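**Q** Here you go, one structure.
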Amino acid sequence: MTETHPVTATVNGREETFEVEGLESLMDVLRDKLHLSGTKEGCREGECGACTVLLDGKPVNSCGYIARAAEGREIETIEGLNDALSMRIKTAIVEAGGIQCGYCTPGIVVMLSGLLRRHAAPDERLIRQALSGNICRCTGYAQIVDAVLGVVQGKAAAE
Ligand code: FES
Ligand code: FES
């Protein structure tokens with residue numbers, strides 16, 4: 001029988017305790033044990049960004065993050081990003097036509113939520129740099145970047 005270890009972390013604002021095996025990835029725990037399937041499985045090699053989550057507010061590829069290391073930390077997945085800023089990002093991407101197949105979208109929204117929390121007004125270069133690890137095979141990124149710039153302008157106008 002495989003040995004497991006209990007890990008306790010805050011997931012989307014709730015304390016969760018889950019059993020993890022040796023080098024099991026955070027992505028697998030989120031998807032298979034906590035049923036948070038909005039975190040997508042893509043390359044499993046840290047190359048595509050589909051599995052991006054926020055860990056203590058910073059974006060990480062959860063496929064490459066050992067779940068045991070999440071002990072005591074705060075994890076946010078796409079399912080938990082319902083704050084006003086994240087909702088504005090989601091709506092803007094939809095309205096700009098920045099979703100086609102949608103497979104990359106959760107990871108991109110998580111990445112952008114993390115970016116806009118850290119930077120009040122990122123410019124296009126910074127937005128594209130933040131998205132450089134999130135592969136979208138459908139959109140060409142222009143609509144997504146335009147959507148984020150619109151959110152940034154809306155924020156500035158409201159302040
Ligand atoms: S599945 Fe994690 S980076 Fe691709
Ligand atoms: S919308 Fe299809 S991969 Fe991005």
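The numbers here are math on the coordinates, done by the rules we state, and not lab data. Not measured: the values here are computed from a predicted model. Don't worry about glycine lacking a Cβ; one is built from the backbone with ideal geometry, like all the others, and counts go over all protein chains shown.
**Q** I'd like the distance separating the alpha-carbon centroids of segment 130-154 and segment 40-112, in whole Å.
**A** After rounding, the separation between the Cα centres reads 14 Å.
**Q** Next question, about the same structure. In whole percent, what relative contact order does segment 81-158 give with Cα contacts below 8 Å and a gap of six or more residues?
**A** 44
**Q** If you wrap a convex hull around the C-alpha atoms of segment 43-159 and split its volume per residue, what is the figure in Å³? Could the numbers behind the result be given before it?
**A** On the way: hull volume 11.5 nm³, N = 117.
Dividing the Cα hull volume of segment 43-159 by its residue count gives 98 Å³.
**Q** Given an 8 Å cut-off on Cα distances and at least 6 residues of separation, report the relative contact order of segment 1-146 as a percent.
**A** About 25 percent, as a whole number.
**Q** Quick check: the angle from helix 84-95's long axis to the longest principal axis of the chain, C-alpha only, nearest 10 degrees?
**A** With rounding to tens, the tilt is 60 degrees.
**Q** Taking Lys40 as the anchor, which aspartates and glutamates have their alpha carbon closer than 15 Å to its alpha carbon, excluding any fewer than eight residues away along the same chain?
**A** Straight-line reach from Lys40, under 15 Å: Asp28, Asp32, Glu76, Glu79.
**Q** Let me ask something additional. I need the peptides 144-151, 109-116, 56-63, 2-9 ranked by packing, meaning the mean over residues of other C-beta atoms within 10 angstrom, with the highest value on top.
**A** 109-116, 144-151, 56-63, 2-9
**Q** Additional query: Want the number for Thr10 to Gln129: 0.36 nm per residue separation, take away the alpha-carbon distance, what's left? Mind showing how you got there, number by number?
**A** Numbers: separation 119, 0.36 × 119 = 42.84 nm, distance 2.85 nm.
Additional length available on full extension: 40.0 nm.
**Q** Which whole-number percentage describes the relative contact order of segment 4-79, with Cα contacts under 8 Å and a sequence gap of 6 or more?
**A** 39
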